[in-house]
Structures are given as structure tokens and as C-alpha cells.
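Participant: Below is one structure. I have some questions about it.
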Amino acid sequence: MSASPSLASALAGRSCAEARAATAFAPANIALVKYWGKREARLNLPRTGSLSLSLGTLGTTTSVEPAAQDSLALGGEPVDPASGFAKRLWAFVDEAAPGRPPLAVATENTIPTAAGLASSASGFAALVLALDRAFGWRLPRAALSVLARQGSGSACRSLWRGFVAWRAGTRDDGLDSHGEPLEARWPELRIGLLLADTGPKAVGSREAMNHTVATSPLYAAWPAAVEGHLREIRSAIAAQDVHHLGRVAEASALTMHATMLAADPAVVYWRPESVRLIHEVRRLREDGLPVYLTMDAGPNLKLLYEAASEPAVQSAFPGLTPVDPWSGPEPGED
Ligand code: PMV
């Protein structure tokens, strides 16, 4: 029997009448095989599966408590209720917890701003984990992943440590489209965050994704490419083969950017520094250093390598923020 009917009843049965104070942490995640394109926009249902690695201690901690009226703080500062961030968050809370009492929500990112990483994935994941505790739902993790997905697609992968697969699912209600942790651990694997540009993003990932699906002639090739990448990355993880993993992750990211470059008008996230860094990674590899790159909807790079290569990678890229994906708490812990 599929898990979906029980998820449906778990989600339908949640009580939102009374809340107590609760706090939860969720890590950010980086897709090794990218999610790029939706089959349904309102529920964030993807065209294809994807597979990510969570970022250990880097993520978001969110607290929720009952209050006289709704309020939102980010990094200790009150957030203007008219801001896009506040509107998106409260619209999500209203949908996740219908009929709820007023709440004070306080959220902190443990990702250094200088790492240039978006925090919406860990943000929505930490929020659903905090809501689950605040209302005493005790929902299965897969149900929390379904809720988080509705806030931001990639958030459904931030409910677990380590490698997480997001199966596209086939249901119209999206109950079979959620994250699923892989059992495999790879304690030597590292991710390094490498900033190429600190300026504001020209186009958000949601808009770039929809625009690419609608206008890029190369998008037609994307779903089949992802199927191959997913098969390959699973076998690279099983074999703990950093060359294989790196080649597939790099191909997924560059293929995704190729679909954007062919959109009309093109979406070009790369800055001159991004291109310089891409060449530098390739040069180091030609010199024998096993280091690979991935990129998301932005100009920055994430490097993939093993712990033994870290000193060499750091000396080649002094601005690197190295991350041990296997450190940090279980998502949902304070
Ligand atoms: O879920 P969103 O809207 O943050 O989109 C994520 C898109 C990428 O980061 C580019 C790829 C991915 O799988 O995370």
C-alpha cells in the first residue's frame, strides 16, 4: 500500500487550536541532481526527482509561540508585515495551520551571510518542524516534508541530514511528492561554499525556473537527462566514488544553466568571477586534485571534494567556506 492515504489522514487530522512554545533547527541543502521545473505551480510539484546533500550545522533555527498578535523577527530584528518575506511566511502558516491562534515567529539563519546561500529551504523546513512541535501534531516526517514543499520546493529535502531524494510523485494532490533520506553515509565527503558575487540576485529561482520551462527549447531534454543523473549519482554514492559523484553533480548543474541560457530572454546568472572559478576548478582537476563544482540559481559555486583534499582546495580558494555535511544536530532538534 502506498504511504499517501495515511499521509492524507495525518495531515487532515492535525489540530491547530492550541500552541505552546517550540523551537526547531533544519539544515540548508544543496542539490547534487537539480530540481528544475514544476508540473504544478501552486503545490510546487516537480517535473522530475532530485537528490541533495544537507549542510550539517548550516541552516535555520525557528521558534514559534502563542502571542497576543502575529509578529515575525529575523535575526533578532522585527520584520515589516508588508514585506514580501512576511507575506509569504504568513500565507504559508495560515495554510499549514488553518484556524490557528496568533503566533510570534522568530527565525535565525546559521548560514553566514557571506556564504551567499539562499535560506528558503532550511527556513520552511525549520518552520514546519517548529509548528509540528508547537501544535503537538507529531506528524510523520514525510508529511512535514509535503508541507515544507508547499512553502518552497527544495525545502522538502531539508527535513533530514545527509543525502535526501525527492521523488517527483504522480498524484495531483502531491502527497507522494516528498523527501526521503538515503541510508548511505559518506563521512569523508565535503562541500565548500565559494562566493563569486555578493550583489542582489537579478531573478529569483522560482521565476527563472518557470520562465525556462515556458521558453527554453532545451528544456525538452531536461527530464531524460535527470533520469540518467539520478541513476548515476546513486551508484556513485553507493561506491563512494568522488570522481563519479562530482562528474554527475557538475553535469546536472551545467545542464540546468544551459537550459536557462537558451531561454528567451536568456537567464544568465554567471558573473565573470563565476566563470573564472569554474576554469580554476577544472585546472586543479587536470593537475590531479579531485574537486568538482555545482551551482544553483545564482552566480556562486559549491565545491565537492573529500576531507583529504580540503587543505589543497582551501589553499587554492582562500575565500572558501568548508562544510562538513555530517556534523550538526538531527533536523527537528533544538
Ligand atoms: O525550491 P526553490 O524554489 O528554492 O528552487 C530550487 C532550485 C535549485 O536550487 C536551483 C535546484 C534545487 O534542486 O535546489
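The values are calculated or read from the model by the stated rules, or taken from the named source; none is laboratory data. Predicted model, so just to flag it, every value in this text is computed and none were measured. Here the Cβ is made from the backbone with ideal geometry for all residues, glycine too, and neighbour counts use every protein chain on show. Note: areas computed on protein heavy atoms with side chains; ligands, DNA, RNA excluded. Shrake-Rupley method; radii C 1.70, N 1.55, O 1.52, S 1.80 Å.
Participant: What are the residue pairs meeting all of these: first residue in region 207-224, first residue away from the ligand (no atom under 12 Å from the Cβ), second residue in a helix (DSSP H, G or I) and open to solvent by 60 Å² or more (accessible area, probe 1.4 Å), Cβ atoms under 9 Å, and 6 or more apart or on different chains?
Facilitator: Cβ pairs passing all conditions: SER216/LEU261; LEU218/LEU261.
Participant: Would you mind finding the one in VAL146, VAL79, VAL93, VAL105 that is in contact with a helix residue (DSSP H, G or I) (Cβ under 8 Å, 6 or more places away or on another chain) and either of a type in the set (Lys, Arg) or open to solvent by 20 Å² or more (accessible area, probe 1.4 Å) (or both)?
Facilitator: Of VAL146, VAL79, VAL93, VAL105, the one residue that is in contact with a helix residue (DSSP H, G or I) (Cβ under 8 Å, 6 or more places away or on another chain) and either of a type in the set (Lys, Arg) or open to solvent by 20 Å² or more (accessible area, probe 1.4 Å) (or both) is VAL79.
Participant: Another one. Among the candidates LEU117, LEU43, LEU131, LEU139, which residue alone is assigned to a loop (DSSP other than H, G, I, E, B) and farther than 30 Å from ASN300 by Cα?
Facilitator: Only one candidate qualifies: LEU139.
Participant: Okay, moving on. If you scan region 280-329, which residues turn out to be part of a helix (DSSP H, G or I), open to solvent by 40 Å² or more (accessible area, probe 1.4 Å) and of a type in the set (Gly, Ala, Ser)?
Facilitator: ALA308, ALA312, SER315
Participant: Within the group THR61, THR48, THR110, which residue is touching a Phe, Trp or Tyr at 6+ places or on another chain (Cβ under 6 Å) and of a type in the set (Val, Ile, Thr)? Walk me through it before giving the result.
Facilitator: Working: THR48 fails: touching a Phe, Trp or Tyr at 6+ places or on another chain (Cβ under 6 Å); THR110 fails: touching a Phe, Trp or Tyr at 6+ places or on another chain (Cβ under 6 Å).
Result: THR61 is the single residue among THR61, THR48, THR110 that is touching a Phe, Trp or Tyr at 6+ places or on another chain (Cβ under 6 Å) and of a type in the set (Val, Ile, Thr).
Participant: May I pose another question? Within the bounds of region 15-24, is there any residue that is of a type in the set (Lys, Arg), away from the ligand (no atom under 16 Å from the Cβ) and loosely packed, with under 14 Cβ neighbours inside 10 Å? So that I can check it myself, show each step before the final result.
Facilitator: From region 15-24, those of a type in the set (Lys, Arg) are 20; that's our starting set.
From the residues that got through so far, the ones that are away from the ligand (no atom under 16 Å from the Cβ) too are 20.
When the remaining residues are screened for being loosely packed, with under 14 Cβ neighbours inside 10 Å, the result is 20.
Taking every residue of region 15-24 in turn, at least one turns out to be of a type in the set (Lys, Arg), away from the ligand (no atom under 16 Å from the Cβ) and loosely packed, with under 14 Cβ neighbours inside 10 Å.
Participant: Does LYS34 meet the test of being open to solvent by less than 20 Å² (accessible area, probe 1.4 Å) and of a type in the set (Lys, Arg)? I'd like the intermediate steps shown before the answer.
Facilitator: Working: open to solvent by less than 20 Å² (accessible area, probe 1.4 Å): yes; of a type in the set (Lys, Arg): yes.
When the stated conditions are applied, LYS34 passes them.
Participant: Out of the residues in region 121-168 meeting the condition of being charged (D, E, K, R) and within 15 Å of the ligand (Cβ to nearest atom), tell me which one is farthest from LEU45 (Cα to Cα).
Facilitator: ARG157
Participant: Quick check, is VAL248 touching a residue at least 12 places away in the same chain (Cβ under 8 Å) and away from the ligand (no atom under 16 Å from the Cβ)?
Facilitator: Numbers: touching a residue at least 12 places away in the same chain (Cβ under 8 Å): yes; away from the ligand (no atom under 16 Å from the Cβ): no.
No.
Participant: Which pairs turn up if I take residues in region 191-203 that are under 15 Å from LYS302 (Cα atoms) and look for partners that are surrounded by fewer than 22 Cβ atoms within 10 Å (Cβ to Cβ) and basic (Lys, Arg) with beta carbon separation below 7 Å, at least 6 apart in sequence or on another chain?
Facilitator: Short answer, once both residue conditions are applied: ALA196/ARG271; ASP197/ARG271.
Participant: Determine which single condition ASP264 fails, assuming it passes every other condition in (1) part of a loop (DSSP other than H, G, I, E, B); (2) open to solvent by less than 40 Å² (accessible area, probe 1.4 Å); (3) in contact with a helix residue (DSSP H, G or I) (Cβ under 7 Å, 6 or more places away or on another chain); (4) away from the ligand (no atom under 16 Å from the Cβ).
Facilitator: All conditions are met except number (2).
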